[in-house]
1. Summing -39500 (n - 2.57) over the DSSP H runs of n ≥ 4 in chain B and dividing by its residue number, what mean residue ellipticity at 222 nm do you reach, to the nearest 500 deg cm²/dmol?
2. Beyond a 30 Å Cα-Cα separation, which of these cross-linked pairs lie in this structure: A:K196/B:K2; B:K142/B:K196; A:K2/A:K117; A:K142/B:K160?
3. Taking every pair of alpha-carbon atoms in the protein assembly as shown, give the share separated by more than 42 Å as a whole percent.
4. What order do you get for A:K117, A:K142 when you list them from fewest to most C-beta neighbours inside 10 Å?
5. When Lys and Arg each count +1 and Asp and Glu each count -1, what net charge do the other residues less than 9 Å away from A:R9, Cβ to Cβ, add up to?
6. Within 10 Å of each residue's Cβ, count the other Cβ atoms and sort A:L175, B:L60 from fewest upward.
7. May I ask which residue of A:H94, A:V48, A:L138 lies farthest towards the positive end of the charge dipole of chain A, with charges of +1 (Lys, Arg) and -1 (Asp, Glu) on Cβ and the Cα centre as origin?
8. Using the Kirkwood formula on the Cα atoms of chain A, what hydrodynamic radius do you get, in angstrom to one decimal?
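Coordinate-derived values only; no laboratory data. All values reported here derive from a predicted model rather than from experimental measurement. Here the Cβ positions follow ideal geometry from the backbone for every residue, glycine too, while neighbour counts run over all protein chains shown.
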Protein chains: 2
Amino acid sequence: MKPLSSTARTSLGRLKDRAQTERSALYDVLDEGRICHLGVVVDGSPRVIPTGYGRSGDTLYLHGSTGATSLLAEEVCVTVTHLDGIVLARSLFHHSVNYRSAVIYGTPRSLIDDDEKLTGLRAITERLAPGQWDVARLPNRKELAATTVLALSLEEASVKVRQGPPSDDDEDYALDLWAGVLPVQQVLGEPVPDPKLRPGIPVPPHIG
Amino acid sequence: MKPLSSTARTSLGRLKDRAQTERSALYDVLDEGRICHLGVVVDGSPRVIPTGYGRSGDTLYLHGSTGATSLLAEEVCVTVTHLDGIVLARSLFHHSVNYRSAVIYGTPRSLIDDDEKLTGLRAITERLAPGQWDVARLPNRKELAATTVLALSLEEASVKVRQGPPSDDDEDYALDLWAGVLPVQQVLGEPVPDPKLRPGIPVPPHIG
């Protein structure tokens, strides 16, 4: 696999030790997330909206119907963040968070070809609701036409990771204070059936 | 409380029924989050970075030392998103997510006054690590000088919420498919002590 890009904006100026340079680190962050935050410039102002995404190889697919049609053929920034822990240090200054984040820059293509759109939607669905692509009713022509799917090349990206215990100033270790990490996790609960679910349909194994 | 703003970009063009207009809805979303995604325009391109924040009254405080010093006195967009569930419909087209999100626009002030900086840092700390402000070592002058805190007025903001079961097309309810919601939650784990923790210091009650 080729390494991650090293353009000025993807080479971290600060806290360089948190930067990951392996492409696999990018895939790891992306393949564990459920939503991304999509940044666009609208009339010169920044706009950040949450949306679904999926990855297939070196392409990131974005669900683009989030009132974001203005962003077609414009540069975007896509950020996926996992908050892994709250780092409780002895000094407030060294409080921090454990996290993994990926930041991707590029100009997405809006998909026109139906097959490519389906490929993108499948990747997005597999990320958010694995297994559903194989069982739910597939999009018909009209639905496909009403859905915007963007494809973004994973050319220019950076990954930052902080893990582990707090890093306090030497003299603060003598303080009579607890320090450590409070882990944070995103978990799935028990499936809640649709009130309109027909009787006798069990929860399928891929759901829970 | 005054209502939320209704500028063009905070009045939702699409899916208007998801918009909340009460200011309290904004506070609810903000007061339950741990990180925000901060959007800025750098050299004409969008950039989205995760960072800590906190609220006090009608002011949002942002931890600005995330390599984002270039954003001082520039317009920003701050987005806080809670993913609450994955909505599994009978058709792929109606798959969705349950979420609560807040989008805030404005030009932040970089705080200079030490007291105001401490107020902002306290709000940020209380959001991420409640109770720690009262026990951990407070920032000294040098640390305070090295910390950038931004204050953003909560003047222009929008809140979107989707909750509840899937909404399928009428004819799809006859399909022999499970449908419902898979709840998603962010949970805290058991505190992990710093390996360098002095012996005999118990986990304080406000932590876990």
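1. Calculated mean residue ellipticity at 222 nm is -4000 deg cm²/dmol.
2. Beyond 30 Å between Cα atoms: A:K196/B:K2.
3. Percentage above 42 Å: 14.
4. A:K142, A:K117
5. -1
6. Ranked by crowding around the Cβ, least crowded first: A:L175, B:L60.
7. Of the options given, the answer is A:L138.
8. Taking every pair of different Cα atoms in chain A, averaging 1/r and inverting gives 19.5 Å.
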